[in-house]
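The values are calculated or read from the model by the stated rules, or taken from the named source; none is laboratory data. A quick note: this is a predicted structure, and the numbers were derived from the prediction, not measured. For neighbour counting, all protein chains shown are included, and Cβ atoms are generated from backbone atoms with ideal geometry for every residue, glycine included.
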Amino acid sequence: MSEGEFSGCTVAVIGAQGRMGRMFCTRLRAAGYAVEEIDRPLTKSSLAAGLAEAKVILLCIPAAVFDTVLQQIRDILRPPQVLVDITSVKVQPMRQMQRVYNGPIVGTHPLFGPEPKADEVRVAVTPAEGTDGEHVAMVEDMFTRMGCEPFRTTPEEHDEAAALIQGLNFITTVSYLATLAHKDEITPYLTPSFQRRLDAAQKMMTEDAELFEGLFEANPSSLDAVRSFRNMLNIAAGGDINVLVERALWWWRENSNTGGVRQ
Ligand SMILES: O=C(O)C(=O)C[C@]1(C(=O)O)C=C[C@@H](O)C=C1
């Protein structure tokens, strides 16, 4: 299939009314694709009609209903339709998709929410083994045309990285704030730097906790990530804070002419 054939083709978006689904429908149309919007209630006839002309089926659905929806579409999908998901973990959904469909499958994880800033548009792309390069390139091209920056990886590599970035970000925040909960006596001591951290955690805790909890449970690398963090806490508990600070300064290595080592 040439690039020309693919541009302007039909993409069926399942979960089109969700926040991510709505964003991708808008971006797909702006990029010149025909979009079939599919959302609840998912019926046999709405799915059959919606998927009939689609070259790509984009699943924008919560992990909790992933398997149910796959069961509903398994007999409707026809190779060479390309099945694409946007779930924030990859090992488990890739297996689920491969169990029900033997056509092209390209997993993706847009590393942003429904209202990304212009520089927050990276998309991890995890093709299933056996999916040919042409179909993977089609999907990468689709994201590029939507203004995103796709990069290719594997489900395992993705989940290890996501456990460290998304997983530990959540777990360390939850653990820290839980440690300090129910201690009215400490509130007079709140400082601006603590308040900044609390403010930064608000959305994650009050709006997205269920999402991150689900991702933690669904990511096979979560516990390894927690263990590496615990190793760092053990160093802190031993009093050797300097070792940790030197190591953490790696993040600002570009700003330092001493390669991350304090002056
Ligand atoms: O935009 C937000 O507030 C998000 O939480 C988006 C966010 C995140 O930042 O972890 C959440 C889930 C997706 O997997 C990717 C990005």
Odd one out for Thr108 among (1) surrounded by fewer than 20 Cβ atoms within 10 Å (Cβ to Cβ); (2) touching a residue at least 24 places away in the same chain (Cβ under 8 Å); (3) within 24 Å of Ala137 (Cα to Cα): (1)
What helices (runs of 4 or more DSSP H) completely inside the range 19-123 contain at least 2 residues that are among the charged types (D, E, K, R) and under 24 Å from Glu156 (Cβ atoms)? 91-100
Would you say Gln81 is under 30 Å from Pro220 (Cβ atoms) and in contact with a Gly (Cβ under 8 Å, 6 or more places away or on another chain)? yes
Pick out the one residue from Glu129, Glu134 that is among the acidic types (Asp, Glu), at pLDDT 95 or above and in a helix (DSSP H, G or I). Glu134
Among residues of the range 112-147, those that are of a type in the set (S, T, N, Q) and within 16 Å of the ligand (Cβ to nearest atom), counted: 1
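For (1) aliphatic (A, V, I, L, M); (2) touching a residue at least 24 places away in the same chain (Cβ under 8 Å); (3) assigned by TED's automatic domain parsing to the domain that holds Gly113, each residue gets a yes or a no:
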position	(1), (2), (3)
Val136	yes, yes, yes
Tyr176	no, no, no
Ile186	yes, no, no
Phe212	no, yes, no
Residue list for the range 232-247, restricted to those being without any contact (Cβ under 8 Å) to a residue 12 or more places away in the chain and closer than 16 Å to Tyr176 by Cα: Leu233, Asn234, Ala236, Ala237
Matching residues, the range 183-242, being among the β-branched types (Val, Ile, Thr) and more than 26 Å from Thr154 (Cβ to Cβ): Ile186, Thr187, Thr191, Thr206, Ile235, Ile241
Condition first: farther than 14 Å from Ala218 by Cα and either β-branched (Val, Ile, Thr) or within 12 Å of the ligand (Cβ to nearest atom) (or both). Now tell me which residues in the range 87-108 satisfy that. Val100, Ile105, Val106, Thr108
Return the residues of the range 32-47 that are surrounded by fewer than 20 Cβ atoms within 10 Å (Cβ to Cβ) and touching a residue at least 40 places away in the same chain (Cβ under 8 Å); say none if nothing qualifies. Gly32
Any hit, the range 59-68, residues being touching a Pro at 6+ places or on another chain (Cβ under 8 Å), away from the ligand (no atom under 16 Å from the Cβ) and of a type in the set (A, V, I, L, M, F, W, C): no
Checklist (1) under 27 Å from Ser88 (Cα atoms); (2) small (Gly, Ala, Ser); (3) away from the ligand (no atom under 16 Å from the Cβ) applied to Ala200, failing item: (3)
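Yes/no matrix, rows are residues, columns are (1) within 27 Å of the chain's Cα centre (by Cα); (2) among the small types (Gly, Ala, Ser):
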{"residue": "Cys148", "(1), (2)": "yes, no"}
{"residue": "Pro155", "(1), (2)": "yes, no"}
{"residue": "Gly167", "(1), (2)": "yes, yes"}
{"residue": "Phe170", "(1), (2)": "yes, no"}
{"residue": "Glu185", "(1), (2)": "no, no"}
{"residue": "Val226", "(1), (2)": "yes, no"}
In the range 175-191, is there at least one residue being under 27 Å from His109 (Cβ atoms) and within 16 Å of the ligand (Cβ to nearest atom)? no
Taking Ala124 as the residue in question, decide whether it is buried (at least 21 other Cβ atoms within 10 Å of the Cβ) and within 25 Å of Arg99 (Cα to Cα). yes
